[in-house]
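To keep things clear, I will list the structure first and then write my remarks on it.
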């Protein structure tokens, strides 16, 4: 039994204040949603790209949009299948139940070994803010993020999400590692065009990051933006791997937060959880999602919120390196007992590599 991912409620942000004022150089106009929409879009081979924040002015508007209060308000999000011309897409939210941790849970608490390049992406769809999991991936320009396709492109609206940012090392509201505004989204065209979840991955280039530094002015707490430099220089990055055989051990990271089908809710989405196992050797299919060649990891009871989190081969907790070979796309209830017990990723193959390579070539400043 397959269950769609929804993205759970974010808890408190330590830096938030009822009287906080954000101070950042901005145009006179108030902050607004920034997205490329359709157009602009470019297509090279089978790779689509969309400008998310094409100019410095766009970048500053996105940066100012994500006040501590908005980060705290970000809430659950569920991917949609591609609507047909004669039907409209619908969404449903995961139920919020008890916080009882089921026996045999495979996810562990975060530790000093948690990869610093794992974090959350925040974005806007219509008039609501949401989040997913994601990670930094190596590129020559040190500016690349990998996540699920549905965490960057809204199939229901048939356009990119708005105001997309990445916060690595996110934990309990911390943004000290930096906030990185999305520059350009790269996807395989069949996800955007057909809603094909065999292509449910995305690579997003980001601007150099900033963090909010608090200060007091006339008794009022305000925040100014302070540069933290390039993403990979700041937190490191996973290397990219493709065409790897199944039946090998991987470690999955993410921010699960939603409820199991039975209503229990063991996770808060406030810190990184991890699970590991050996990937199944058979391919996984789900016709509703046009998934035919998925890779599944049993024994991982992640709930919604884990979407976009990296699947890592050979993670070295000392050197903090490893190879990303997938991103969490869908969750599964294999035995029908009301507890999610598996996750799946699209298979990272030569098609995925083409998307990655095009994204990895783009410089941002």
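Overview of results
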item	result
Angstrom value of the Kirkwood radius, inverse mean 1/r, which spans all Cα pairs in segment 208-270	16.9
Gain on full stretching of the segment that runs from residue 349 to residue 140 - 0.36 nm per residue minus C-alpha separation	73.2 nm
q = 0.21 Å⁻¹, segment 243-320: log10 I(q)/I(0) [Debye, one scatterer per Cα]	-1.08
Label point distance in nm, residue 57-residue 220, each placed 7 Å from Cα along Cα→Cβ	2.6
Debye log10 I(q)/I(0) at q = 0.14, 0.22 Å⁻¹ for segment 221-365, Cα point scatterers	-0.75, -1.43
Rounded, prolate or oblate (a/c below 1.5 giving rounded, otherwise prolate when a/b exceeds b/c) for segment 107-211 by Cα gyration tensor	prolate
Shape category assigned to segment 153-308 from the gyration tensor of Cα positions, a/c cut at 1.5	prolate
nm² value of the averaged projected area, convex hull over the Cα atoms of segment 142-196	4.6
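Bear in mind these aren't lab numbers, they're just calculated from the coordinates by the rules spelled out. All figures in this text were calculated on a predicted structure; none of them were measured in a lab. Cβ: placed from backbone, ideal geometry, glycine included. Neighbour counts: every protein chain shown.
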